[in-house]
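Working notes, beginning with the structure itself.
The values are calculated or read from the model by the stated rules, or taken from the named source; none is laboratory data. Since the structure is predicted, the reported quantities are computational estimates derived from the model, not experimental observations. Because the Cβ atoms are built from the backbone with ideal geometry, glycine has one as well, and the counts that use them run over all protein chains shown. The protein model used for the area step is the full one, side chains on, heavy atoms only, and it has no ligands, DNA or RNA in it. Shrake-Rupley method; radii C 1.70, N 1.55, O 1.52, S 1.80 Å.
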Amino acid sequence: MAKNKFFITILAICCGLFTCVGLSSCGDSDDDDDFSTKDTGDNRELYTAEVAYKVSLGKNELDAYDVNVRYLDKEGAEHSMAMKDTTWTWKCNLNADDVKDEPKSFELRVNPSRKENLNLDPKANYEVGIISKIIIQVKNKAGRVICECEGLGLHPGGFSTFTGEQLNDPWSDVVSGWFSNLTNTNKSTLTVYTNKIKSNGMTQKYW
């Protein structure tokens, strides 16, 4: 009887130890799901990333519209410029230290406005339209791409061609139908964390 009590006691102790180990393991796995920007561990860090703004205009866009671009650099400073050519690109590089404590936010706004007293050749054809993008590519220490995102902005379908007569008329049904948001500012956003990005409200995780 004494031996039976002894074995029962040992068995109870062993069961208690296994229960403790099991609970500790569950706690560790929960930590793996913690997508905070801090304390991510050496194997869960953003190593390098390239962020680019790109704006492309139809080849005749600047004949009919003034296009203003506003953007944030990686330090959070805002810049503004008027498009002088049909293409514009800006790039910057980030490393782990840049975003370890605070995420980096980027913003691109493209605002077209119809030129005053527009007087294009009524019979000529004009290609107009705007495509704006924020592009990011994230690489690990080995140089392998672990995440990339290309967010399309204004008029992702590309460009369209109109006659000068159609563009000269601000109330043209053809033009206003295609450029329903022509005079509205297009805004694209991107926030870079150590283990994820948020692009225009959508989240993509690296780890």
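Quotient of the Cα radius of gyration of the stretch 93-137 and 2.2 N^0.38 Å, N being its number of residues: 2.09. In straight-distance terms, cross-link reach from LYS187 covers every one of the lysines whose alpha-carbon lies under 25 Å from its own, apart from those fewer than eight places away in the same chain; here that gives LYS54, LYS59, LYS74, LYS84, LYS91, LYS104, LYS115, LYS133, LYS196, LYS198, LYS205. The slack between ASP85 and TRP207, meaning 0.36 nm per residue of separation minus the straight C-alpha distance, is 40.0 nm.
Taking all Cα pairs closer than 8 Å and separated by 6 or more residues, the relative contact order of the stretch 55-178 comes to 28 percent.
Each peptide in 75-83, 108-116 gets a packing score, the mean of other Cβ atoms within 10 Å over its residues, and the list from highest to lowest is 108-116, 75-83. Computed over protein heavy atoms with a 1.4 Å probe, the carbon and sulfur contribution to the accessible area of the stretch 104-147 reaches 39%.
Rolling a 1.4 Å probe over the protein heavy atoms gives the stretch 53-127 an accessible area of 57 Å² per residue.
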